[in-house]
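Here's the structure we're looking at; comments come further down.
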Amino acid sequence: MPSNANQRDFGDNNDGVPVPYQKYQGNDPKRRIARPEIISREVESNLAKARYVGSAHHKTRAADYSFNPPVNPRPHKCVCDDIRTVHLREAIEMFRSGVQLGMISSSLVDARLPKYVWAVDSRGEPYEAKLGDDGTSYHGYRLCREQRMRRYIIAAWREKCS
């Protein structure tokens, strides 16, 4: 991989090998990791104020989120805790790690905040946080069904963490 690899978007070529983003066919353009040079100071400032709150629609266990009702998973949605309980503190830490590593989408909502933030937990499971309807808070879920997106996020995370 080129020495400047951490400054480029990456996808995969269906065999798990990261390749430059331009060759990553079929990816939703809203779910691409932003290149560092296109992230403005305003977006960075807004991200510093953004918060992770979670959503009962992506939970099967109430844990410490204080939702009312405690859980309300949608059958067609991925949940964050299908493998294990993810407590709010850990979810917030993953969200912040994703922000700090620049694992944010190039798609911005109202030019203020990225629509998505991605992170990988200590067990190697990728998660996606999505900006909520209020435009200031995020909720997240494990990337459970989309194998190409899972590989893309894991490869980018490893590259940024190395």
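The values are calculated or read from the model by the stated rules, or taken from the named source; none is laboratory data. All of these numbers come straight from a predicted model, not from anything done at the bench. Here the Cβ positions follow ideal geometry from the backbone for every residue, glycine too, while neighbour counts run over all protein chains shown.
For this structure, a couple of remarks:
- No other residue among R151, R158, R123 is buried (at least 19 other Cβ atoms within 10 Å of the Cβ) and either within 11 Å of the chain's Cα centre (by Cα) or of a type outside the set (F, W, Y) (or both) apart from R151.
- Segment 152-162, subset assigned to a helix (DSSP H, G or I) and out of contact with any strand residue (DSSP E or B) (no Cβ under 7 Å at 6 or more places or on another chain), residue nearest to V109 (Cα to Cα): K160
- The set of residues from segment 55-102 being closer than 15 Å to R142 by Cβ, crowded, with 18+ Cβ neighbours inside 10 Å and of a type outside the set (D, E) comprises S55, H58, K59, A63, P73, V79, C80, V86, A91, M94, F95, G98.
- A129 being under 22 Å from K59 (Cα atoms), surrounded by 23 or more Cβ atoms within 10 Å (Cβ to Cβ) and without any contact (Cβ under 8 Å) to a residue 40 or more places away in the chain: no
- Residue check for S107: closer than 25 Å to R41 by Cα and out of contact with any helix residue (DSSP H, G or I) (no Cβ under 9 Å at 6 or more places or on another chain): no
- Residues within segment 80-118 that are assigned to a strand (DSSP E or B) and more than 13 Å from R31 (Cα to Cα), tallied: 1
- For first residues located in segment 133-152 and over 15 Å from D82 (Cβ atoms), partners that are polar (S, T, N, Q) and lie 6+ apart or on another chain with Cβ distances below 8 Å form the pairs H139/S55; R148/N14; R148/N27; M149/N27; Y152/N27.
- Within segment 131-151, the set of residues being assigned to a strand (DSSP E or B) and under 16 Å from R74 (Cα atoms) comprises H139, G140, Y141, R142.
- For segment 21-70, taking the residues that are aromatic (F, W, Y) and farther than 22 Å from W157 by Cα, the one that is modelled with the lowest pLDDT is identified as F67.
- Any hit, segment 49-64, residues being more than 19 Å from the chain's Cα centre (by Cα) and hydroxyl-bearing (S, T, Y): yes
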